[in-house]
Amino acid sequence: MCGIVGYVGDKDVNSVLMAGLWRLEYRGYDSSGVASIVNGDLEVRKVEGKLMNLEGILREKPLVGNIGIGHTRWATHGEPSEQNAHPQVDCEENIALVHNGVIENYYTIKEELIKKKHVFKSNTDTEVLAHLIEEYYNGDLKESVLKAVRRLEGSFAIAVIAASEPDKIVSYKSGSPLIVGLGKKENLVASDIPALLDHTKHIVIMNDNEMVVLQKENVEFYNRDGESIEKEEREIKWSPTSLDKGDFPHYMLKEIYEQPEVIERNIDLRLEGGEFDFGENFNFSPHKLAHLSHIVIQACGTSWHAGYIGKYLFEGYARIHTEVDISSEFRYRKPVMEGEPLVMAISQSGETADTLAGLREAKAKFLEILSLVNVRGSAIDRESDGTIYLNAGPEIGVASTKAYTSQIFQLYLFSLYLSKLKWAMDATENEEKIKEVNSIPKKMKKILKNVDKIKEITEKYKNEKHFMFIGRGINYPSALEGALKLKEISYIHATGYPAGEMKHGPIALISKNSPVVAIAPHSSVYEKMLTNIEELKTRGAKIIVIASEGDKRIKELGDDVIYIPPCEENLSPVLVALPLQLFAYYIAILNGRDVDRPRNLAKSVTVE
Ligand code: M6R
């Protein structure tokens, strides 16, 4: 959601800013813009729509200079338009500012500034900040930014330049993510690491209420009071090529095909030497975990679905009562937290505003947080007491795929670890369940090889307007995930239901030829699933079943069957996810959708 990039150095500012913005495109946006300082004047270019439009303008009218800021905007205040795009400037056109987040008290400040004769040209909350900085400006950009941000409520990351101080970028973080890239005779700032990787692997992760002043050969960090602070430099291991699509037409497809490799990597990391190893940042002692009263999981979207699977695993294997909540509900519902619960936050990006707020809510109650996060150094990672990393590599497609299966995989292993600590499972059985994971990458590869069957089915159903996804037990959350994947990238209405709940209402939606995706691999609830499928079939539904190889009975019931290799029931959501992802992907492609950047969506949802 909104992407910021800032550069000061010797390189051509057009190409650095454009390349950075392309790298941040995955975050979701509806307009974009850049600004630089040329001979003591601000130069600004802004457009509505795709980055291609901005690139076109810059080809016709390039910026000049070696310092600049750029932005992709995901509209919150004011519709997507050239006027509302960032950078926003002050009355004198001396200060230009890009912003990620929401300034909640902008209206009051705007009224105050209008009384002081400031003239506003946009409907954004961001422009208010440009004018507020102008109001305080007396020749020292750093000081005026500090005074201005102290007045703000909400969440924001900003990068500011002033034509009167053409050698520096001032950037401040409070809530939204901000990373500094340290180069040789060049320095950068951005909302996310991919925008920096073409220039440097040396980064500094900004914490809330910190400011950075970047010059070509100097970087200074400050706290909210303007006092100088030291920050830790880190080296990023990713290569820029890990951010490319390779031979795949879309990031989403590439990421779907990376899943066996992600699971293989995690088997090596988590089970090395036959012992559980949850990584360098795990930080929870066996003693503490053995005495948990219950677990509370909070997350959003696909990560919430993984958390829901976690409930089945923790309760089934470790016999620990587990609650799962959507973060935006958890944070406002005044949850009762008695005993010694473990709070878990699950997030691919580690920056999701609601999940972060839920985590802070739990911390305020002195509870300890263990998170599952893909992006190291992200806010959720930093603010948790311990983190299990997903090790999925950068996930660029807006639809979460490889992070999701890694989340389930980590939860599976963690539940087995807890079951061991709590003596909840026979040791031999525990060993058997651990061994099961070794077969998963091979089984995933087999599913991915059979993609033609899924393509054939999607051809048949591509024009449907509504899909129902059903599952039971541990694959009920898989049904929710299948429906979410389909709707978010194809814009076709889809809904997920526990199969046993259909006759309590949703079955009224079923008529002749209604398409239903039924998740029915061999499991403890298989027979029940068959009954539910029969009930739908009787009412004319067209059934697409995901079933275990060798299942002959299902052939008679399903209009179309996608087979997956048989596996341990509690690992089946990892396998089931693949045909569901491919089904959504090909339906979306056949409908001409932009699968990596579906409309209205952002990869990192950094506003609540
Ligand atoms: O980064 P997170 O895992 O915290 O993101 C949570 C959701 O925004 C995310 O899973 C979203 O639902 C995806 N678009 C699903 O594919």
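Quick notes
- Equivalent ellipsoid dimensions for the range 2-242 as semi-axes, Å, which come from the Cα gyration tensor, largest first: 24, 21, 17
- Label separation (Glu79 vs Val38): 3.1 nm, computed from points 7 Å beyond Cα along the C-beta direction.
- Maximal additional length on extending the Ser511-Ile114 stretch stands at 137.0 nm, based on 0.36 nm per residue less the C-alpha distance.
- Residue order for Lys555, Lys512 - accessible surface, 1.4 angstrom probe, largest first: Lys512, Lys555
- For the chain, calculated [θ]222 nm from helices alone, where every DSSP H run of n ≥ 4 adds -39500 (n - 2.57): -11000 deg cm²/dmol
- Ile396 contributes an accessible area of around 20 Å² to the protein surface, as traced by a 1.4 Å probe with all chains present.
- The ellipsoid that matches the Cα gyration tensor of the chain has semi-axes, each √(5λ) in whole angstrom, of 45, 27, 22, with the longest given first.
- Beta bridge orientation in the range 183-281: antiparallel %, DSSP, nearest 5: 100
- Between the range 377-430 and the range 171-203, the C-alpha centres lie 28 angstrom from each other.
- Segment Thr428-His291, extension gain: residue separation times 0.36 nm, minus the distance between their alpha carbons: 47.1 nm
- For Ile67, distant residues with modelled amide H under 5 Å away: Ile37
- Our note on the geometry: Cα centres of the range 275-292 and the range 508-575, 38 Å apart.
- The alpha-carbon atoms of the range 318-451, seen along their principal axes, cover 45, 40, 23 angstrom, with the largest extent given first.
- Full extension of the chain between His321 and Glu232 yields a length gain of 28.1 nm, computed as 0.36 nm times the residue separation minus the alpha carbon distance.
- Radius of gyration over Kirkwood radius for the range 1-118, both on Cα atoms: the Rg/Rh ratio is 0.98.
- Considering the range 63-202, its Cα convex hull presents a mean projected area of 8.5 nm².
- Residues of the range 551-571 with amide N under 17 Å of the 7 Å Cα→Cβ point at Asn438: 567-568
- Above-threshold pairs, the threshold being 25 Å between Cα atoms, out of Lys110/Lys363; Lys231/Lys603; Lys173/Lys201: Lys110/Lys363; Lys231/Lys603
- Burial ranking of peptide ranges 489-500, 328-339 (average Cβ count within 10 Å, highest at the top): 489-500, 328-339
- If R0 equals 51 Å, the separation of the Cβ atoms of Asp225 and Arg59 corresponds to a calculated FRET efficiency of about 0.70.
- Solvent-free Debye scattering, log10 I(q)/I(0), computed from the Cα coordinates of the range 547-603 at q = 0.12, 0.13, 0.30 Å⁻¹: -0.43, -0.49, -1.18
- Computed from the C-beta positions of Phe366 and Lys462 and an R0 of 41 Å, the FRET efficiency is 0.20 to the nearest 0.05.
The values are calculated or read from the model by the stated rules, or taken from the named source; none is laboratory data. Everything quoted here is computed from the prediction, not taken from an experiment. We place every Cβ from the backbone using ideal geometry, glycine too, and count neighbours over all the protein chains shown. For the accessible areas, the whole protein counts, side chains as well, though only heavy atoms, and no ligand, DNA or RNA atoms are used. Shrake-Rupley method; radii C 1.70, N 1.55, O 1.52, S 1.80 Å.
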